[in-house]
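A.B. asks: The structure is given below, and queries will be raised subsequently.
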Amino acid sequence: MKFEIGKVIMHRNLGLCTVIALTERDGIPYYKLQTYYEPHSLLLVPKKGDHSTCREVMSRKECEELFEYMKTMEANINLHNKQKKESYTRMLHSNDPKQLAQLSRSLYLYKEEKRNKKQILSLEDTHIFQAAATYLHNEISFVYGIEVEQVIPFIAEKIS
C-alpha cells in the first residue's frame, strides 16, 4: 500500500481517514491517519502492513459496479449459525465494499423479519449492522459529495 499525504483512504476498522503524515518509529515507516468524521482520532498504520488494513476509496465507477452487484445480491448469511459472530466480524473488517453491502443487506432483512415478529436485533447484531452501514454510507457520501443522510435514498434509486 502506498498513499500520499492528504489522501483520503478507507481503514477497515475506522472507515474514512486522511493520511496526515509519514512518520517512523524504531526504524519502521508508518502512515499517520486522522479519522475523517472525527478529526481528534489518530492512528499509526505500518506502511508495509497488511494490504487489507487500508485501501483506496472507491471511484464512482466502482460505486456504480457495487450498485449493480447490490441489485442481484440476496441475503445469504446463515443468521442462526453459531459462527455468525465470526462471520459478521470477518465481513465487517474485510474492508471489501461488496462484503459490507452483503452484510448490511442481510442484517437489514433480518432486522425487518424480527420487527415483523415484534422482536428486536441483539445488541451485537445492531452494532455490526450500524458499523457496516456507516462505513459504506460514509464512503458513498464522500465519493458522490452528498450528505450521509441522502445516501439511503440515493442507493435505493440506484438499485431500483
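The values are calculated or read from the model by the stated rules, or taken from the named source; none is laboratory data. Quantities reported herein were computed from a predicted structural model and do not represent experimental measurements. Because the Cβ atoms are built from the backbone with ideal geometry, glycine has one as well, and the counts that use them run over all protein chains shown. With ligands, DNA and RNA removed, areas are computed over all heavy atoms of the protein, side chains included. Shrake-Rupley method; radii C 1.70, N 1.55, O 1.52, S 1.80 Å.
A.B. asks: Would you say Gln150 is within 15 Å of Arg12 (Cα to Cα), without any contact (Cβ under 8 Å) to a residue 24 or more places away in the chain and assigned to a helix (DSSP H, G or I)?
C.D. replies: Answer is no for this residue.
A.B. asks: When the residues of the range 93-113 are filtered to those that are more than 14 Å from Glu124 (Cβ to Cβ), more than 12 Å from the chain's Cα centre (by Cα) and open to solvent by less than 50 Å² (accessible area, probe 1.4 Å), which remaining residue is modelled with the highest pLDDT? First the steps, then the outcome.
C.D. replies: Kept after step one, since they are more than 14 Å from Glu124 (Cβ to Cβ), are these residues of the range 93-113: 93-102, 104-106, 108-109, 112-113.
Okay, now just the ones that are also more than 12 Å from the chain's Cα centre (by Cα), so 105-106, 108-109, 112-113.
Then keep just the ones that are open to solvent by less than 50 Å² (accessible area, probe 1.4 Å); that gives 106, 112.
Working: Ser106: 82, Glu112: 85.
Restricting to residues being more than 14 Å from Glu124 (Cβ to Cβ), more than 12 Å from the chain's Cα centre (by Cα) and open to solvent by less than 50 Å² (accessible area, probe 1.4 Å), the top hit is Glu112.
A.B. asks: Looking at the range 29-47 only, could you name the residues that are open to solvent by 80 Å² or more (accessible area, probe 1.4 Å), touching a strand residue (DSSP E or B) at 6+ places or on another chain (Cβ under 7 Å) and farther than 13 Å from Asn138 by Cβ?
C.D. replies: Leu42
A.B. asks: Right, something else. Filter the range 109-145 for residues that are without any contact (Cβ under 8 Å) to a residue 24 or more places away in the chain and either under 20 Å from Met73 (Cα atoms) or outside any loop (DSSP other than H, G, I, E, B) (or both) and give the result.
C.D. replies: Taking the range 109-145 first, the residues without any contact (Cβ under 8 Å) to a residue 24 or more places away in the chain are 111-123, 126-127, 130, 137, 141, 145.
Lys111, Glu112, Glu113, Lys114, Arg115, Asn116, Leu123, Thr126, His127, Gln130, His137, Ser141 - these are the residues of the range 109-145 that are without any contact (Cβ under 8 Å) to a residue 24 or more places away in the chain and either under 20 Å from Met73 (Cα atoms) or outside any loop (DSSP other than H, G, I, E, B) (or both).
A.B. asks: Still on this structure: Collect the residues in the range 48-60 that are outside any loop (DSSP other than H, G, I, E, B) and either at positive phi or surrounded by 12 or more Cβ atoms within 10 Å (Cβ to Cβ) (or both), keeping them in residue-number order.
C.D. replies: Once the filter is applied, which keeps residues that are outside any loop (DSSP other than H, G, I, E, B) and either at positive phi or surrounded by 12 or more Cβ atoms within 10 Å (Cβ to Cβ) (or both), the range 48-60 yields Cys54, Arg55, Glu56.
A.B. asks: Same structure again: Restricting to the range 61-92, name every residue that is modelled with pLDDT of 90 or more and loosely packed, with under 10 Cβ neighbours inside 10 Å.
C.D. replies: Result: Lys61, single match.
A.B. asks: Right, something else. For the range 2-28, give me each residue that is within 18 Å of the chain's Cα centre (by Cα) and either among the hydroxyl-bearing types (Ser, Thr, Tyr) or not in a strand (DSSP E or B) (or both).
C.D. replies: Lys7, Arg12, Asn13, Leu14, Thr18
A.B. asks: If you scan the range 29-45, which residues turn out to be assigned to a strand (DSSP E or B) and either touching an Asp or Glu at 6+ places or on another chain (Cβ under 6 Å) or more than 20 Å from Asp96 (Cα to Cα) (or both)?
C.D. replies: Pro29, Tyr30, Tyr31, Lys32, Gln34, Leu42, Leu43, Leu44
A.B. asks: Here is a further query. For Leu109, which of the numbered conditions (1) more than 19 Å from Arg12 (Cβ to Cβ); (2) touching a helix residue (DSSP H, G or I) at 6+ places or on another chain (Cβ under 6 Å); (3) among the hydrophobic types (A, V, I, L, M, F, W, C) fails to hold?
C.D. replies: (2)
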